[in-house]
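Note sheet for the following structure.
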Amino acid sequence: AGCTTTPTDSNSTPNASAPAAVALAGTKWKIVSIAGAATGGEGDVRPATMQFEQGNISATAGCNLMNGSYTQEGATLAFGPVAMTRMACPAPGLAERETRLGQMLGQPLTVTAGDAGKVMLANADGAVIELAPAQ
């Protein structure tokens with residue numbers, strides 16, 4: 001009697017605590033916030049966006065453009081070198097958002113699904129880039 005097994009529930013999800021992987025290839029997103037700083041201020045030169053296309057990423061926090069390569073394996077997103085234009089962006093907080101986005105794109109990020117179709121890209125320190133589907 002000590003060696004009995006209990007059948008498992010066939011409806012249970014193995015490792016339910018693992019983040020659901022979101023495939024980013026071929027998608028375009030609006031950046032809602034970068035490490036808690038909201039985008040879309042009135043001094044932004046362009047909308048903050050991020051696009052994943054054929055192994056390349058293009059992004060902006062609202063002023064300068066960033067481009068580079070990326071790979072995604074499951075929920076892990078890794079980036080190659082990211083180049084950025086260097087326009088002066090005088091809007092309050094914009095330079096800091098751009099610096100933070102550039103820093104975050106220089107390290108592995110974990111991709112998880114959020115509410116209402118949003119996607120969260122988190123670094124090892126817990127800082128998050130919040131993305132919403134682009135219209």
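Coordinate-derived values only; no laboratory data. Values in this document were obtained by computation on a predicted structure and should not be read as measured data. All Cβ positions, glycine included, derive from the backbone under ideal geometry; neighbour counts span all protein chains shown.
Just a few scattered comments:
- Taken along the Cα-to-beta-carbon direction at a fixed 7 Å, the label points for residue 75 and residue 132 span 2.4 nm.
- Label point of residue 107 set 7 angstrom out along Cα-Cβ; within the stretch 27-67, amide nitrogens under 13 Å from it belong to 35.
- Local electrostatic count at residue 104 - Lys and Arg +1, Asp and Glu -1, tallied over other residues with Cβ under 14 Å: -2
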